[in-house]
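To start, the structure itself, in structure tokens.
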Amino acid sequence: MSRLTIKKACELAGVSRPTLYKYINNGKLSAIKENNNTYVDLSELLRLYPNISLQQNSEEKVRFCRKVEFKLAFKLKLGLI
């Protein structure tokens, strides 16, 4: 499960924040609220926008993978997974 910020989800889907929030409020897109932040699961975004291109330049991919690895290692250390 890859959670995206609203900003990143808007960038990937090519839509505005109000549009994304409209879909969330209408129940077309589920979102997760955590510590006053709203996140959208990548699989949910792909369900609503199946033609999203996830191509990123290699530097962005490396940063994203490192971030995910760090979060997983941290959760493992805390015993959350």
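Return the residues of segment 1-45 that are open to solvent by 90 Å² or more (accessible area, probe 1.4 Å) and not in a helix (DSSP H, G or I); say none if nothing qualifies.
The first filter runs over segment 1-45 and keeps only residues open to solvent by 90 Å² or more (accessible area, probe 1.4 Å), leaving 1, 7, 11, 17-18, 22, 25-26, 28, 33, 35-36.
Within segment 1-45, MET1, ASN26, LYS28, LYS33, ASN35, ASN36 meet the criteria.
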Any pair with Cβ under 8 angstrom, 6 or more apart, that starts in segment 54-74 at a residue that is open to solvent by less than 100 Å² (accessible area, probe 1.4 Å) and ends at one that is part of a loop (DSSP other than H, G, I, E, B) and modelled with pLDDT of 75 or more: VAL68/SER2
Cross-chain or 6+ apart pairs with Cβ under 9 Å, segment 12-39 first and within 18 Å of ILE52 (Cα to Cα), then open to solvent by 50 Å² or more (accessible area, probe 1.4 Å) and β-branched (Val, Ile, Thr): TYR39/THR5; TYR39/ILE32
Count of residues meeting criterion [at pLDDT below 80 and among the small types (Gly, Ala, Ser)] in segment 37-70: 2
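The values are calculated or read from the model by the stated rules, or taken from the named source; none is laboratory data. Source: prediction; values computed, not measured. Reconstructed Cβ throughout: ideal geometry from the backbone, glycine too, with neighbour counts over all protein chains shown. Remember, those area values only see protein heavy atoms, side chains included, never the ligands or the DNA or RNA. Shrake-Rupley method; radii C 1.70, N 1.55, O 1.52, S 1.80 Å.
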